[in-house]
Amino acid sequence: MSTATAIQNTATNTLTDFLPLGGTDYVEFYVGNAKQAAHYYKSAFGFQSVAYAGPETGVTDKVSYVIRQNKLTFVLTTALRTGNEIADHVYRHGDGVKVLALKVEDAADAWAQTTKRGAKSYMQPETFKDEHGEIVLSGIHTYGDTVHIFVERKNYKGLFMPGFVEWKSKFNPASTGLQYVDHCVGNVGWNQMNPWVKFYEDVMGFRNILSFDDKDISTEYSALMSKVMSNGNGYVKFPINEPAEGKKKSQVEEYLEFYNGEGVQHVALATNNIIETVTELQSRGVEFLKVPASYYEDVLDRVGQIDEDLKPLSELGILIDRDDEGYLLQIFSKPLQDRPTLFFEFIQRKGAKSFGKGNFKALFEALEREQEARGNL
Ligand code: FE2
């Protein structure tokens, strides 16, 4: 019997959703060199230049580049000086995700609702204006040094937000077909999964829609536990991982060691055609975790009929899994920076609403081979 527990969908009454979310607004990365990072995300992943803030626009302590592809907006930010939050974040964590920004109708209310339920304030509601209208931002802390910023942009028509100018570039690489954020996974410390599950339930009104324990997600070494948290309308999903006892150091422990604490492990990006997307990403130098060829020998026995030919999937290393509602195709990049911390997942959903549990074993064995090569197993 499977120990994965699909938790009954308790009927979500939108009238009682105290924190209605319109999805992910943007993801902001604090990095060591935003100019180069922006170029990497543009060239490798097919983002376009959108907006810029820095000394030329009156910002004296940091530089931010905003890039976009379909509904995905990334902000790459770096510190210009030491002795500030951004420089300290990069010193401690390396490049990583600082902000998971969420679209709201009312940022002041989102802040009031969450802080009254126990969230620690990161930023009180504040209105920013320019000739394109106004935007209201507020923010709360979540695990580690990660924060959620609530973005109210219903009265704003500009490119990104006040304080930014258009970033025009002659380098406009073609899209790789990436569409939107499917989910963002956090790694938290020992025995910290349930407290953070409770945080998302109590403070943000999320529900636990799926759980995996160490019997589901355990190879010889890489045990972990995970609970998937979803907001009321399902637009925002945050799985939370914690390490579990294994023979040797698990992948979550390796992350916690190199990130110096809790943080975002991976951001999953949706595509409508994963074969085309991954073919393109690979040709632009993006590196992926590879499962052994034997994975494809019996995968169709496990997942049944699929629309795609198996050959391109196996050549690219794309994984397949099925649940009651359909199937999904997914693949994981190697870490996006030198520390073995943040990586991307690329996912195409064909009905399935789950997260690829059937692939965990093959995947974690692939991860362990990488961990071993780094001497961290
Ligand atoms: Fe994922």
Only Lys, Arg (+1) and Asp, Glu (-1) charged, at Cβ; the range 123-201 dipole about Cα centre in debye:
200
From the alpha carbon gyration tensor of the chain, can you work out the equivalent ellipsoid semi-axes (sqrt of 5 times each eigenvalue) and give them in Å, largest to smallest?
32, 24, 21
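For the chain, with only Lys/Arg (+1) and Asp/Glu (-1) charged at the beta-carbon, what is the dipole magnitude about the Cα centre, in debye rounded to 20? Write out the running numbers ahead of the final one.
On the way: 40 positive and 51 negative charges, 120 e Å.
Dipole of the chain, to the nearest 20 debye: 580 debye.
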In percent, how large is the relative contact order of the chain, given Cα pairs closer than 8 Å and 6 or more residues apart?
16
Mark the label point 7 Å from the Cα of ASP61 along Cα→Cβ and return the residues of the range 128-158 whose backbone N is within less than 20 Å of it.
128-129, 137-142, 145-150
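First check a/c for the range 24-166, with a ≥ b ≥ c the square roots of the eigenvalues of its C-alpha gyration tensor; if it is under 1.5, answer rounded, and if not, answer prolate when a/b is larger than b/c or oblate otherwise.
oblate
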If the cut-off is a Cα-Cα distance under 18 Å, which lysines reach LYS98, setting aside same-chain residues fewer than 8 apart in sequence?
LYS35, LYS62, LYS120, LYS237
Here the relative contact order (percent) of the range 178-374, from C-alpha pairs under 8 Å and at least 6 apart, is 23
From the square roots a ≥ b ≥ c of the eigenvalues of the alpha-carbon gyration tensor of the range 255-328, which class results: rounded (a/c under 1.5), prolate (a/b over b/c), or oblate?
prolate
Could you check what % of the DSSP bridge pairs in the range 178-374 are antiparallel, to the nearest 5?
80
Only helices counted: for the chain, with every DSSP H run of 4 or more residues adding -39500 (n - 2.57) and the sum spread over all residues, [θ] at 222 nm is -6500 deg cm²/dmol
Put +1 on the Cβ of every Lys and Arg and -1 on every Asp and Glu Cβ in the chain; which of TYR41, ASN241, VAL303 then has its Cα farthest towards the positive end of the dipole?
TYR41
Neighbour-count ranking [beta-carbon atoms within 10 angstrom, fewest first] of THR271, THR279, THR127:
THR127, THR279, THR271
Using +1 at the Cβ of each Lys and Arg and -1 at the Cβ of each Asp and Glu in the range 190-290, identify which of GLY263, LEU289, ILE275 lies farthest towards the dipole's positive end.
ILE275
Can you give me the C-alpha center-to-center distance between the range 93-125 and the range 212-282, rounded to a whole angstrom?
22
DSSP bridge orientation in the chain - percent antiparallel, rounded to nearest 5
80
What is the order of ILE347, ILE240, fewest Cβ neighbours within 10 Å to most?
ILE347, ILE240
Label-point gap, in nm, between TYR91 and SER121 - each point 7 angstrom along Cα→Cβ:
2.8
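So what is the relative contact order of the range 24-166, in percent, for Cα pairs below 8 Å that sit 6 or more residues apart?
Once divided by the residue count of the range 24-166, the mean separation gives 25 percent.
Only the coordinates and a few stated rules stand behind these numbers; no lab work does. In this text the structure is predicted, and so the values were computed from the model without any measurement. Cβ coordinates were reconstructed from backbone atoms using ideal geometry, including for glycine residues, and neighbour counts include every protein chain displayed.
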